[in-house]
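Asks: Let me begin by handing over the structure; questions about it come next.
The values are calculated or read from the model by the stated rules, or taken from the named source; none is laboratory data. Source: prediction; values computed, not measured. Here Cβ is always computed from backbone atoms with ideal geometry, including for glycine, and neighbour counts include all displayed protein chains. Heavy atoms of the whole protein, side chains included, go into the accessibility calculation; ligands, DNA and RNA do not. Shrake-Rupley method; radii C 1.70, N 1.55, O 1.52, S 1.80 Å.
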Amino acid sequence: MQRLTAQLFAGLVAAVLSVLFVQCWADGGGGPPSLTERVIWAVNSGGESHVDVHGIHFKKDPLEGKLGKASDYGMRLPILRSSPEDQVLYQTERYNEDTFGYDIPIREEGDYILVMKYAEVYFAQSQQKVFDVRLNGHVVVKDLDIFDRVGHSTAHDEIVAFSIRRGKLSVQGEVSTFNGKLTVEFVKGYYDNPKVCALYVMKGTPEDVPKLQPHPGLEKHEEEEEEEEDGEGGDDGGKKKLPPDSKTRVQSGPRTPNPYAADNSSLMFPILVAFGVFIPTLFCLCRL
């Protein structure tokens, strides 16, 4: 009888421990961190705080009243490729007439991702706003022309992977000393002012970053470019590898037509001169 009681008690203890283990695992103790847990810093530049559809909490811009200018000009426009709930992240922005940026504290080693959100809501052609982005002095985005990348009022994310290990920052093949502070700078160029709509830093790899909604125009253009590249392969079997960043730098926005391409004023000038001479001559002949 005592042996049976001991067995029942042991079985009851095992069952309770199993339930507690399952509960702890379900609460996150045994699974990988969620997306929101991976994000260590997020800001809605030029705007108020916002929680996006993925649960990322973007704080109000800390540069408000300190550096640059905030703009909500994009609030009057719908933003393509963005969910309706998160369009505000692309409709507000901070810009400056000189280089500006944000300082982000990072205390742990590991692999990280910087995500910068953009939308061109003012200019209607390329080569109107072009600037660089630096990460602790390293140029990680060169000659960013938002309209040239995706067109007008269209969401565009720039994704930069970097790692921090043993006091060193590694990004795009370059290494520098890291002192616990990540400095993201938007560098003044020859065309207008640098800007950013929102940005965040998270632990992980580029595959962990939520993707924007499909853009039919971009996808079609990318397919056409791939077909053209395939047709130029020659002795390599008709295939040619694309450069790593070719898809992120594709021209997808409509180019502004040249207003002088169909200018016929040079042909009209001699006709107008001949007509001007003919009328007075005819008038004089009629008087004779």
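Asks: Within region 162-206, considering only strands (runs of 3 or more DSSP E) that don't extend past its boundaries, which have at least 1 residues that are in contact with a Ser or Thr (Cβ under 8 Å, 6 or more places away or on another chain) and small (G, A, S)?
Replies: Values: elements: 168-171, 174-177, 181-191, 198-203.
Hits in region 162-206: 168-171, 198-203.
Asks: Suppose the filter is open to solvent by 30 Å² or more (accessible area, probe 1.4 Å) and at pLDDT below 90; does L242 pass it?
Replies: Working: open to solvent by 30 Å² or more (accessible area, probe 1.4 Å): yes; at pLDDT below 90: yes.
Yes.
Asks: Of the conditions (1) outside any strand (DSSP E or B); (2) under 13 Å from the mean Cα position of the chain (by Cα); (3) over 19 Å from V53 (Cα atoms), V141 clears all except one; give me its number.
Replies: Every condition holds for V141 apart from (1).
Asks: How many residues does region 185-210 hold that are within 14 Å of the chain's Cα centre (by Cα) and either among the hydrophobic types (A, V, I, L, M, F, W, C) or more than 14 Å from P105 (Cα to Cα) (or both)? Even if it seems obvious, please write down each step before you answer.
Replies: We begin by selecting, within region 185-210, every residue within 14 Å of the chain's Cα centre (by Cα); these are 186, 194-201, 206, 209-210.
In the following step, the residues that additionally are either among the hydrophobic types (A, V, I, L, M, F, W, C) or more than 14 Å from P105 (Cα to Cα) (or both) were identified as 186, 194-199, 201, 206, 209-210.
Qualifying residue count, region 185-210: 11.
Asks: Just for region 22-42: of the residues that are at pLDDT 85 or above and among the charged types (D, E, K, R), which one is least open to solvent (accessible area, probe 1.4 Å)?
Replies: Looking at the filtered set, the residue picked out is R38.
Asks: Given the conditions (1) over 26 Å from M75 (Cβ atoms); (2) in a strand (DSSP E or B); (3) out of contact with any helix residue (DSSP H, G or I) (no Cβ under 7 Å at 6 or more places or on another chain), report the number of the one that L114 does not fulfil.
Replies: (1)
Asks: Any idea how many residues of region 126-153 are of a type in the set (V, I, T), open to solvent by 50 Å² or more (accessible area, probe 1.4 Å) and in contact (Cβ under 8 Å) with a residue 60 or more places away in the chain?
Replies: The first filter runs over region 126-153 and keeps only residues of a type in the set (V, I, T), leaving 130, 133, 139-141, 146, 150.
If we keep only those that are open to solvent by 50 Å² or more (accessible area, probe 1.4 Å) as well, we get 139.
Those left that are additionally in contact (Cβ under 8 Å) with a residue 60 or more places away in the chain: none.
So the answer is 0.
Asks: Being closer than 20 Å to H57 by Cα, in contact (Cβ under 8 Å) with a residue 40 or more places away in the chain and in a strand (DSSP E or B) is the filter; apply it to region 70-100 and report the residue that is least open to solvent (accessible area, probe 1.4 Å).
Replies: R94
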